[in-house]
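Engineer: One structure follows; several queries about it will come next.
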Amino acid sequence: MTSEQPKAPVVRDFFDDDSNTFSYVVSDPQTGRAAVIDSVLEYDPASGSTSHAGADRIVAYVRERKLEVEWVIDTHVHADHLSAAPYIKDQLGGTLGIGEHISAVQDVFGKLFNAGSGFARDGSQFDHLFHDGETYAIGSIQAMALHTPGHTPACMTHVIGDAAFVGDTLFMPDYGTARCDFPGGDAHALYRSIQRLFELPQSTRVFLCHDYKPEGRDAYVNQTSIDAERRENIHVHVGVGEEDFVTMRTARDAKLSMPHLILPAVQVNMRAGLLPPPESNGMRYLKIPLNAFKRV
């Protein structure tokens, strides 16, 4: 990133009610180049059916504005929704990317789902693996990928101009921070990742992957700032030490139930959003490993 004042991309959000997920189209108003971040493939666990309704809204927005998609990005392997990244790429083009530490997630969950030797654990399902500090561009807007582990080992924050897309690392200041109890999660790492984000310019716009509308707030919100997070985040504002944060986060996580889509979501998302390969009868199946996670 340069020392010049960062440019401001146009950010359009799309909200998925079932998973409380915000997806984004981030575009350069000068060139019309764009990125799609954290898209959602709807999944009905009762019927096993999927839908591209939300992704089609993104596709329609991009086409109406004649944007050219350069990147299709997932900030991490989501545990609460299935990714629509391959569908977005098929419809709009672009390079499908995720953080290079995806291999650690694929190793853990490849074993959990007994994915077999045919499942690559090197991230090769994706077109591009971002490394920490890597710079790239969306049109004329400079961007940087930052490795911000803790929620998962592979979480990345994408700073695009004056906007940071933090995935699940941070929530709105009145809700706090991501959980760290999934395989490979680490509360110490999350604290240090957040301290790194706090070093970004205070005016940086922060766009969140989720909001859960805590008690006392009437509307879902997806945007805050580094300054607001530093001053007001109920879990990790300036002055909260690492050990206190880890104690809080560990106790809080112990009381949380698993996301209701974690088992279908992870086994799809570790494949870059592709469904498992068809079996001998031509059908695709999702596996449900029994008693693999705690039950609250």
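Engineer: If you take every DSSP beta bridge whose two residues both sit in region 10-257, what share of them, in percent to the nearest 5, is antiparallel?
Structural biologist: Antiparallel bridges make up about 70 percent of those DSSP assigns within region 10-257.
Engineer: Just subtract the alpha-carbon distance of THR50 and ILE234 from 0.36 nm times their residue separation and send over the number in nm, one decimal.
Structural biologist: 62.6 nm
Engineer: Let a ≥ b ≥ c be the square roots of the eigenvalues of the Cα gyration tensor of region 76-125; is it rounded (a/c under 1.5), or, if not, prolate (a/b larger than b/c) or oblate?
Structural biologist: Taking the square roots of the gyration eigenvalues as a ≥ b ≥ c, region 76-125 is prolate.
Engineer: When the dipole is taken about the Cα centre of region 10-257, and only Lys, Arg (+1) and Asp, Glu (-1) are charged at their Cβ, what size is it in debye, to the nearest 20?
Structural biologist: 180 debye
Engineer: With label points built 7 Å along Cα→Cβ from the Cα atoms of THR247 and ALA60, find their separation and express it in nm.
Structural biologist: 5.2 nm
Engineer: Packing-wise, with mean Cβ within 10 Å as the measure, how do 7-17, 46-56 rank, highest first?
Structural biologist: Descending mean neighbour count gives 7-17, 46-56.
Engineer: Also, I was wondering about something else. What full-extension length gain, to one decimal in nm, is calculated for ASP132 and ARG192 as 0.36 nm per residue of separation minus the Cα-Cα distance?
Structural biologist: The ASP132-ARG192 span can extend by a further 20.2 nm.
Engineer: Full extension from VAL221 to TYR285: what is 0.36 nm times the residue separation minus their Cα-Cα distance, to one decimal in nm?
Structural biologist: Result for the pair: 19.5 nm of gain on full extension.
Engineer: Please identify, among VAL77, VAL40, VAL62, the residue showing maximal mean-square fluctuation in a Gaussian network model of the chain using a 10 angstrom Cα cutoff.
Structural biologist: Between VAL77, VAL40, VAL62, it is VAL62 that shows the largest mean-square fluctuation.
Engineer: Sticking with this one: With the crude spin-label approximation of a point 7 Å out along Cα→Cβ, what separation in nm comes out for LEU274 versus LEU256?
Structural biologist: Modelled inter-label distance: 3.0 nm.
Engineer: Regarding region 1-152, what are the three Cα extents along the principal axes, ordered largest first, in Å?
Structural biologist: Principal axes ranked by extent give 48, 34, 25 Å for the Cα atoms.
Engineer: With a ≥ b ≥ c taken as the square roots of the eigenvalues of the C-alpha gyration tensor of region 10-257, please select rounded if a/c is under 1.5 and otherwise prolate if a/b is larger than b/c or oblate if it is not?
Structural biologist: Because its axes are fairly even, with a/c under 1.5, region 10-257 counts as rounded.
Only the coordinates and a few stated rules stand behind these numbers; no lab work does. Since we're looking at a predicted model, the values are computed, not measured. Methodologically, a virtual Cβ is constructed for each residue, glycine included, from the backbone with ideal geometry; neighbour enumeration extends over all protein chains shown.
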